[in-house]
2 protein chains.
Amino acid sequence: MKLETDLSTLSLAILGLISQRPLTGYDLRKVFLTTPMGHFSSSPGAIYPALRRIEEAGWIRSVAAQGQTRRQRVVYEITACGLETLQQHLSRPVTSEDVVWHMDDLMMRFAFMDGIVGRERTVRFLEDFASQIDAHVADLRRYFEGAKSILPACGKLAMENGIQSYEMNAQWARRAIKELQ
Amino acid sequence: MKLETDLSTLSLAILGLISQRPLTGYDLRKVFLTTPMGHFSSSPGAIYPALRRIEEAGWIRSVAAQGQTRRQRVVYEITACGLETLQQHLSRPVTSEDVVWHMDDLMMRFAFMDGIVGRERTVRFLEDFASQIDAHVADLRRYFEGAKSILPACGKLAMENGIQSYEMNAQWARRAIKELQ
DNA sequence: GTCCGCATGTAAGGCGTTACATGATTAA
DNA sequence: TTAATCATGTAACGCCTTACATGCGGAC
């Protein structure tokens, strides 16, 4: 019964979705099952405990469910505090650690920025994202130059894949900046 | 004290590295700290328990450490059973679930194929990989066509990033096939 | 003789996975 | 009335994370 202080990828997904409109746990499940957001997570044994934790943190609250029947439904909406938390989370600078270990998280942060943080911050995020990737790609290339003579064929190809993936992400970010302006 | 039956990403990394040459836990740590393999994992609280589990499964065994001093060192080498397990794991077909949820794992499987599974199987892996990605990209595009009118700008851009990432991976796989032949 | 790096671990906690449980409502 | 779907959960388990603990050996 510890309060959640940071946002796991799943919690971010949940809070982001609820920030767009009030949802029940079942609604969230459906989103995860039927959209590419399901990438990031899966199902009931994770979602309901996460909802509980987020509610205990004060970021969402359950509201009376006035559907047409008195069927058991718990609808959650975001609180002012939750919105602020989300804004702060999405405004965090992009660190090199993020780029190395949490690319999924970064992409999710970006996906929820509409209407939560201004266009200016969104663009700044993409700029930071691109330049952190550039730095990381430079590291990877440095390592690769030294190691490619001893790497086996598949290892080498796997590394090339990694480098290309990062480069593609940087290119995407720069295109996205232009598109947002 | 359950026996490990499947390979977590970390366990696969460890078993794959030890299959290349005998290593200590500390050696593994250094690899994770100093090479891009560190992407997939991190450190001592994960590595040592994982080594223990893999040893209990019978896939590696500790051998006498005959360094120049009698310093405490535990060197692990792969067993025949471990090699077989690794071969089977790397030979598993690429499923659509793998592509949706475990791309990291797939890339790691590929990176360790040299000398473990034949070139033929390696190429087959890449072919399956590419065609599973094609199928998944088709799904994503289908969803995207239906949703892009209601997706917010950042959501749309994030989806485009996802699709492009997958497409890049399929292209990479097809280039890799040519290079391996 | 003290400090840093080598080398191996343990303990607590968090969170996701799988599988199961429960009951209410609607359509056949 | 039976089955499928809606809707919400719990329990056990596994594994990773962070932080801490411990002791040897070499360099200065």
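Assorted remarks:
- With respect to being in contact with a strand residue (DSSP E or B) (Cβ under 8 Å, 6 or more places away or on another chain) and of a type in the set (D, E, K, R), A:Arg61 fits the description.
- Residues in the stretch B:33-53 that are assigned to a helix (DSSP H, G or I) and away from DNA strand C (no atom under 12 Å from the Cβ): B:Pro36, B:Met37, B:Gly38, B:His39, B:Phe40.
- Cross-chain or 6+ apart pairs with Cβ under 6 Å, the stretch B:12-27 first and assigned by TED's automatic domain parsing to the domain that holds B:Cys81, then buried (at least 18 other Cβ atoms within 10 Å of the Cβ) and of a type in the set (Asp, Glu): none
- Which numbered condition A:Gly115 misses (of (1) surrounded by 15 or more Cβ atoms within 10 Å (Cβ to Cβ); (2) under 30 Å from A:Thr24 (Cα atoms)): (1)
- Residue pairs meeting the criteria (Cβ under 8 Å; at least 6 apart or on separate chains; first under 15 Å from A:Tyr26 (Cβ atoms), in the stretch A:38-53; second more than 8 Å from DNA strand D (Cβ to nearest atom) and acidic (Asp, Glu)): none
- Only one entry in B:Glu160, B:Glu127, B:Glu120 is within 26 Å of A:Leu106 (Cβ to Cβ) and either touching a Phe, Trp or Tyr at 6+ places or on another chain (Cβ under 7 Å) or in a helix (DSSP H, G or I) (or both), namely B:Glu160.
- For B:Ala158, the conditions (1) among the aliphatic types (A, V, I, L, M); (2) more than 9 Å from chain A (Cβ to nearest Cβ); (3) out of contact with any His (no Cβ under 6 Å at 6 or more places or on another chain) are fulfilled apart from (2).
- Residues of the stretch A:5-59 that turn out to be within 22 Å of B:Ile163 (Cα to Cα) and hydrophobic (A, V, I, L, M, F, W, C), as a count: 9
- Some residue of the stretch B:88-95 being touching a strand residue (DSSP E or B) at 6+ places or on another chain (Cβ under 9 Å), more than 15 Å from B:Thr24 (Cα to Cα) and at pLDDT 95 or above: no
- Condition met for B:Met113 (part of a loop (DSSP other than H, G, I, E, B) and in contact (Cβ under 8 Å) with a residue 12 or more places away in the chain): yes
- Selection of the stretch B:1-17 for residues being part of a helix (DSSP H, G or I) and either more than 17 Å from B:Asp105 (Cα to Cα) or of a type in the set (Ser, Thr, Tyr) (or both) yields B:Thr9, B:Ser11.
- Within the stretch B:70-100, restricting attention to residues that are within 15 Å of DNA strand D (Cβ to nearest atom) and not hydroxyl-bearing (Ser, Thr, Tyr), the residue that is nearest to B:Leu23 (Cα to Cα) is B:Val74.
- Positions within the stretch A:92-110 being part of a helix (DSSP H, G or I), over 12 Å from the mean Cα position of the chain (by Cα) and either under 22 Å from A:Ile60 (Cβ atoms) or not aliphatic (A, V, I, L, M) (or both), in sequence order: A:Ser96, A:Glu97, A:Trp101
- The stretch A:111-132, residues that are charged (D, E, K, R) and under 14 Å from the mean Cα position of the chain (by Cα): A:Asp114
- From the list A:Thr79, A:Thr122, the lone residue that is within 11 Å of another protein chain (Cβ to nearest Cβ) and hydroxyl-bearing (Ser, Thr, Tyr) is A:Thr122.
- Test: residue in the stretch B:80-98 that is over 19 Å from A:Leu151 (Cα atoms), within 16 Å of DNA strand C (Cβ to nearest atom), free of Cβ contacts under 8 Å to residues at least 40 places away in the same chain and crowded, with 16+ Cβ neighbours inside 10 Å: yes
- Selection of the stretch B:147-181 for residues being of a type in the set (Val, Ile, Thr) and either in contact with a strand residue (DSSP E or B) (Cβ under 9 Å, 6 or more places away or on another chain) or closer than 20 Å to B:Thr122 by Cβ (or both) yields only B:Ile177.
- Residue among A:Arg61, A:Arg71 that is among the basic types (Lys, Arg), near DNA strand C (Cβ under 9 Å from one of its atoms) and not in a helix (DSSP H, G or I): A:Arg71
The values are calculated or read from the model by the stated rules, or taken from the named source; none is laboratory data. Remember, it's a predicted structure, so these values are computed and weren't measured experimentally. For neighbour counting, all protein chains shown are included, and Cβ atoms are generated from backbone atoms with ideal geometry for every residue, glycine included.
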